[in-house]
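The values are calculated or read from the model by the stated rules, or taken from the named source; none is laboratory data. Since the model is a prediction, treat every value here as computed from it, not as a measurement. Cβ atoms come from the backbone with ideal geometry, glycine included; neighbour counts cover every protein chain shown. Ligands, DNA and RNA are stripped out before the accessible areas are found, and what is left, the full protein with its side chains, is counted by its heavy atoms. Shrake-Rupley method; radii C 1.70, N 1.55, O 1.52, S 1.80 Å.
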Amino acid sequence: MMNLVNLAVNGTLMRGLELNGNLQAVAAEFLYEAETEPMYRLWSIGDRHPAMLRVKQGGRAIAVEVWAVPFEGLGKILLQEPSGLAIGKVLLHTGEEVLGVLAEAYLCEEQREITEFGGWRAYCQTILTA
């Protein structure tokens, strides 16, 4: 029996996006779409990927996908993430706390805040139609 850990992803690891193959390569399984508790803010890092930070105030719910990841594959996924992203704990709107991809604060400096869009997919749709 394989040990699995739930991982919340908020950007290019999501289904159909650029780095989703990294999840598939370690036999991760999509579980469900969710939202975080309203305590996160989101930035676009050069329109290449998002960066999500937990904040004390001014946050909102951010759209995420939750995946069941084989424990052995978690490190491989993290090592393939862009610099400045890390694994931390993310609180979902259901009250469940799962591992998730979060940003180091320095990464968001001088980048465009996109919290108002509520998620990476919503933001990408606006820049593709602009």
Quick shape summary for the range 8-78, equivalent ellipsoid via Cα gyration tensor, semi-axes whole Å in descending order, reads 23, 14, 11
Could you compute the longest span of the chain free of GluC sites (Glu not before Pro) located in DSSP loops and having at most 10 other Cβ atoms within 10 Å, not counting the site residues? 1-108
Mean separation of Cα pairs under 8 Å and 6+ residues apart, divided by the residue count of the chain: what relative contact order is that in percent? 32 percent
Accessible area per residue for the chain in Å², computed with a 1.4 Å probe and the full protein assembly in place, what is it? 54 Å²
How many nm is it between the label spots at Q57 and Y32, if each spot is 7 Å from the Cα in line with the beta carbon? 3.3 nm
Accessible surface of the range 1-122 [probe 1.4 Å, protein heavy atoms]: carbon and sulfur percent: 51 percent
May I ask you to derive the FRET efficiency for T94 and E72 from their Cβ-Cβ distance with R0 = 35 Å, giving the value to the nearest 0.05? 0.85
Working out 0.36 nm times the residue gap between V5 and E18, then minus their Cα-Cα distance, what length gain in nm do you get to one decimal? 2.5 nm
What number, rounded to the nearest 500 deg cm²/dmol, is the helix-based mean residue ellipticity at 222 nm of the chain, given -39500 (n - 2.57) per DSSP H run of at least four residues and division by all its residues? -5500 deg cm²/dmol
Quotient of C-alpha Rg and 2.2 N^0.38 Å, computed over the range 1-42: 1.30
What number results when the radius of gyration of the chain, computed over Cα atoms, is divided by 2.2 N^0.38 Å? 0.99
Positive end of the dipole of the range 1-101, charges at C-beta (+1 Lys, Arg; -1 Asp, Glu), about the Cα centre: which of P50, M14, L31 has its Cα farthest in that direction? P50
Amide H to amide H, which residues 5 or more places from E35 or on other chains are under 5 Å from it, using H placed in the peptide plane? V64, H93
The ³J(HN,Hα) series, computed from each phi in the range 14-27 with the Karplus coefficients 6.51, -1.76 and 1.60 at θ = phi - 60°, rounded to the nearest Hz and given as x for glycine or proline, is 5, 3, x, 9, 3, 9, 4, x, 5, 5, 5, 5, 9, 6
How large is the charge dipole for the range 69-121, taken about the Cα centre, if only the Cβ atoms of Lys, Arg (+1) and Asp, Glu (-1) carry charge, to the nearest 20 debye? 180 debye
